[in-house]
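The values are calculated or read from the model by the stated rules, or taken from the named source; none is laboratory data. On a predicted model such as this, the values are computed, not experimentally measured, just so you know. Don't worry about glycine lacking a Cβ; one is built from the backbone with ideal geometry, like all the others, and counts go over all protein chains shown. Side chains included, ligands, DNA and RNA excluded: accessible areas come from the protein's heavy atoms. Shrake-Rupley method; radii C 1.70, N 1.55, O 1.52, S 1.80 Å.
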Amino acid sequence: MHALQLASETPSALLDWNNNYAGDPDKAVCFHCSNLPKHFFQSVKMDFQEIIAGTVGKGNTFGTCVGRVKAGPMSFARFSTDDLNGKIRGYVGEGSLRTIRGDVWRSGRRENPQLQKLLRYICENGFEHHVAANFSTVAGAVHEAATRYFGWDVHCIKHERARCRSRFWNR
């Protein structure tokens, strides 16, 4: 989240990669039980966190941003430690976040023409289902910083807008 925020100078959020959307293999629903920044919404209000309220009680969940997520280009990144090999690795890419008709909670429809390839990569390489997201197109800058300056193994999820080059793409 911090790398995306530094590159874009706008707030980032943590999202879940979730179920495909309406049977379209290039779309997925993305949301998270934690707060999203106000920057992610068309309109927003403070309210109770409905999912966690079932566990800890509604009165213990006030302070969640609730509203309609806005649409726009989205950069995403995930970095994790590879403890067995003593290194940091990850993936970056770009796509878009679109609103879900009728949804006034905290989810958006994630679009990427390489989504199935991305999800397969995440699963085959043991990455967590959480991803940092940012309304920007900074995947190239984040990829360059992570690979060139930190020496991390970072996979670039390529498509027409992603401008990152990666020696790991053809693995």
Being at pLDDT 90 or above and hydroxyl-bearing (Ser, Thr, Tyr) is the filter; apply it to the range 101-154 and report the residue that is most open to solvent (accessible area, probe 1.4 Å).
-> Tyr149
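Kindly indicate whether any position in the range 22-31 is in a loop (DSSP other than H, G, I, E, B), farther than 30 Å from Asp153 by Cα and at pLDDT 90 or above. Talk me through it step by step, then tell me what you get.
We begin by selecting, within the range 22-31, every residue in a loop (DSSP other than H, G, I, E, B); these are 22-23.
Next, only the ones that are farther than 30 Å from Asp153 by Cα stay: 22-23.
The next check asks that each one be at pLDDT 90 or above; those that pass are none.
No, the range 22-31 contains no residue that is in a loop (DSSP other than H, G, I, E, B), farther than 30 Å from Asp153 by Cα and at pLDDT 90 or above.
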Scan of the range 40-57 for residues that are open to solvent by 50 Å² or more (accessible area, probe 1.4 Å) and at pLDDT below 90, ordered by number | Gln42, Ser43, Val44, Lys45, Met46, Phe48, Glu50, Ile51, Ile52, Gly54
Restrict the check to the range 9-30 and report whether at least one residue is farther than 24 Å from Thr137 by Cα, open to solvent by 30 Å² or more (accessible area, probe 1.4 Å) and small (Gly, Ala, Ser).
-> yes
Limited to the range 62-87, what total is found for residues that are farther than 23 Å from Pro37 by Cβ and part of a strand (DSSP E or B)?
-> 3
Answer yes if at least one residue in the range 77-100 is modelled with pLDDT under 85, more than 20 Å from Phe127 (Cβ to Cβ) and either of a type in the set (Lys, Arg) or open to solvent by 30 Å² or more (accessible area, probe 1.4 Å) (or both), and no otherwise.
-> yes
